[in-house]
Amino acid sequence: MATRFRQGAGRLSLDFVRTFRFRGTDHPVEELPDLAAVAAWIDQCVPHAEGPAGATGAAEARAAREAIHELIIAAWRGDAISAAARDLVNGAAARPVPVPRMDADGVRWHAGDLVSAALALLARDALELVASPHLARLRECAGTGCSALFLDLSRPGTRRWCSMDQCGNRAKKETLRRRDGRP
């Protein structure tokens, strides 16, 4: 399976929030335009999960993503979260999550509505994050136009980029070009 979505933010909920790339810029990128994209994200990022998509659609997944983003940002900054976002996250967290089931091929996580169950996992993960000491290690990428959130779990706590392969490498190339006097 080819990797389609960025991972590595340190929490599943942060990886999910990353599916709206370049947030706050003139050219944001929506990576979850339809239910097929949501299902692809779940397939890539929620290992061994299976089940029908059910009644939960892409619009509901995007709304949950934005509520999770608002929750995490508000908690990080010490701001209040809107009642609508709080209710959406709490409602998603209250849904059934995938349950383990063993068959001849091993253990798989099954859900009657896979998207709804994945949103429950994501909402619970976000709630756990904002109630944990790890929230103090939340960072926003310093890459130009990126603003992706990630947990800095490095020992010194000085990580600057969401990914050294992407934003970090780009920043180092820009610094080198400026130092060499190139445009």
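The values are calculated or read from the model by the stated rules, or taken from the named source; none is laboratory data. Bear in mind that the values here come from a model prediction, so they are computed numbers and not experimental data. Positions of Cβ are backbone-derived with ideal geometry, glycine not excepted, and every protein chain shown enters the neighbour counts. Ligands, DNA and RNA are excluded from the accessible area calculation, which covers all protein heavy atoms including side chains. Shrake-Rupley method; radii C 1.70, N 1.55, O 1.52, S 1.80 Å.
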Dipole magnitude of the chain about its Cα centre (Cβ charges: Lys, Arg +1; Asp, Glu -1), debye to nearest 20: 1120
What number comes out for accessible area per residue over the range 1-123 if the probe is 1.4 Å? Units Å², please. 49
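Would you calculate, for the chain, the mean residue ellipticity at 222 nm contributed by helices, counting each DSSP H stretch of 4 or more residues as -39,500 (n - 2.57) and dividing by all residues, to the nearest 500?
On the way: 6 runs with 76 residues, N = 183.
Dividing the helical sum by the residues of the chain leaves -13000 deg cm²/dmol.
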For the range 70-128, take every pair of Cα atoms, bin their distances at 5 Å starting from 0, and report each bin as a whole percent. 4, 19, 21, 19, 13, 9, 7, 4, 3, 1
Rounded to two decimals, what ratio of Rg to Rh does the range 1-103 give with C-alpha atoms and a Kirkwood Rh? 0.97
Using alpha carbon positions and the Kirkwood radius, the Rg to Rh ratio of the range 1-50 is 0.97
Modelled FRET efficiency - R0 41 Å, His48 with Asp87, Cβ distances, 0.05 increments: 0.85
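If you add up the charges near Phe150, with Lys and Arg at +1 and Asp and Glu at -1, over every other residue whose beta carbon is less than 15 angstrom from its beta carbon, what do you get?
Working: positive: Arg6, Arg11, Arg18, Arg21, Arg23, Arg137, Arg139, Arg159, Arg160; negative: Asp15, Asp125, Glu140, Asp152, Asp165.
Within the 15 Å Cβ shell, the charges total +4.
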With no solvent and one equal point scatterer per Cα, compute the Debye intensity ratio I(q)/I(0) for the range 94-139 at 0.19, 0.29 Å⁻¹ and report its log10, rounded to two decimals. -0.68, -0.95
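If you take the Cα Rg of the chain and divide it by 2.2 N^0.38 Å, with N the number of residues, what do you get?
Values: Rg = 17.8 Å, N = 183, 2.2 N^0.38 = 15.9 Å.
It is 1.12.
Report the FRET efficiency, 1/(1 + (r/R0)^6), for Ser154 and Ile73, where r is their Cβ-Cβ distance and R0 is 30 Å, rounded to 0.05. Display every interim value, and only then the final one.
Working: r = 22 Å, r/R0 = 0.72.
So the FRET efficiency works out to roughly 0.90.
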Chain lengthening between Leu35 and Gln166 when straightened (0.36 nm per residue, less Cα-Cα): 44.4 nm
